[in-house]
Amino acid sequence: MHNEAFQEIIEYRRSNRKFDPQIEVPEAVMQRSLERATLAPNSSNMQLWEFHWIHDRKMIEEFVPLCLGQSAAKTAKELVVFVTRRDLYRQRARWNRAQILNHTGKREPSVFEKNGMDYYGKVMPLLYGRDIFGIHTLIRSSVCFFGGLFKPFMRFSGRTDQRIMVHKSCALAAQTFMLSIAAEGFHTCPMEGFDKWRVRRKLGLPWGAEINMIIAVGKGTEAGIWGPRFRVANSEVIFKY
Ligand SMILES: Cc1cc2nc3c(=O)[nH]c(=O)nc-3n(C[C@H](O)[C@H](O)[C@H](O)COP(=O)(O)O)c2cc1C
């Protein structure tokens, strides 16, 4: 289908740490790429993510020290902070349930749709719920232990599993965004070198939000590529059974 174009985009995307000061990124490129990011696959379609696009020059400058003075941030024309929002799970579960109901309209829901409504009404609150006494975790651990004694069962219990779940999906959105920016002829640098507490405070995010990564965007330069693209041998990472 679009095999060659895709290969080209994959090869074009490099982490670039020095963006051309003369070239701006068109607003439409950013908008399109962020909208494409929302189409990334994500766990149970819960979309527990937010993309905070920082375009304002002054605000980008305020972000430079928060990104530990990295050159990608210093020279960025745009920044996007990818944020996980586990705390919005009730809202998103209700939203998904409402989509199914909407789709059903006045007719009787099918078994498939009923299961979907139960999934968002009952399973999601159990999966994402937390409490200070660890009761949710205890229930999940017990369900997984006994449910999985004699058959395969999803192993999911505590806060770490919940955090991994939302970060996985958010990172897929970030990658979709980076590939889109590459397809548009611009460059990115994903960053995890930042002060997560200060970034959260700067954006006025609640305690339940976590910063997944910050992506610097601009027109890359040759100086911004720090070296050839080294990867370990395929035989060390690709296993066929
Ligand atoms: C989650 C994540 C965090 C990263 N953090 C940083 C960072 O803080 N600073 C930086 O210069 N590069 C960062 N990188 C870029 C990697 O160093 C880069 O992707 C890797 O060396 C491979 O090079 P390539 O992206 O050009 O293929 C990060 C990449 C990822 C995926």
Worksheet item: Quick one: A76 ticks every box in (1) open to solvent by less than 40 Å² (accessible area, probe 1.4 Å); (2) out of contact with any strand residue (DSSP E or B) (no Cβ under 7 Å at 6 or more places or on another chain); (3) of a type in the set (G, A, S); (4) within 16 Å of the ligand (Cβ to nearest atom) bar one, so which box is it?
Response: (2)
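From the list R92, R32, which residue is away from the ligand (no atom under 13 Å from the Cβ), open to solvent by 90 Å² or more (accessible area, probe 1.4 Å) and either in a helix (DSSP H, G or I) or free of Cβ contacts under 8 Å to residues at least 24 places away in the same chain (or both)?
On the way: R92 fails: open to solvent by 90 Å² or more (accessible area, probe 1.4 Å).
Result: R32 is the single residue among R92, R32 that is away from the ligand (no atom under 13 Å from the Cβ), open to solvent by 90 Å² or more (accessible area, probe 1.4 Å) and either in a helix (DSSP H, G or I) or free of Cβ contacts under 8 Å to residues at least 24 places away in the same chain (or both).
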Worksheet item: On the given criteria, is G193 farther than 16 Å from T84 by Cα, at pLDDT 95 or above and touching a Leu at 6+ places or on another chain (Cβ under 7 Å)?
Response: yes
Worksheet item: Across the stretch 217-241, which residue is least open to solvent (accessible area, probe 1.4 Å) among those that are in contact (Cβ under 8 Å) with a residue 24 or more places away in the chain and either in contact with a Leu (Cβ under 6 Å, 6 or more places away or on another chain) or basic (K, R) (or both)?
Response: K219
Worksheet item: Within the stretch 180-195, can you find the residues that are exposed (fewer than 14 other Cβ atoms within 10 Å of the Cβ) and more than 12 Å from the ligand (Cβ to nearest atom)?
Response: G185
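Do you know which residues across the stretch 162-179 are near the ligand (Cβ under 9 Å from one of its atoms) and out of contact with any strand residue (DSSP E or B) (no Cβ under 7 Å at 6 or more places or on another chain)?
Q175
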Practice prompt. Only residues that are within 16 Å of the ligand (Cβ to nearest atom) and within 12 Å of the chain's Cα centre (by Cα): list them for the stretch 35-73, please.
Written response: A37, A40, W49, F51
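The values are calculated or read from the model by the stated rules, or taken from the named source; none is laboratory data. Since the model is a prediction, treat every value here as computed from it, not as a measurement. A quick note on method: Cβ atoms are made from the backbone with ideal geometry, for glycine too, and the neighbour counts reach across all protein chains shown. Surface areas here come from the heavy atoms of the whole protein model, side chains and all, with no ligands, DNA or RNA. Shrake-Rupley method; radii C 1.70, N 1.55, O 1.52, S 1.80 Å.
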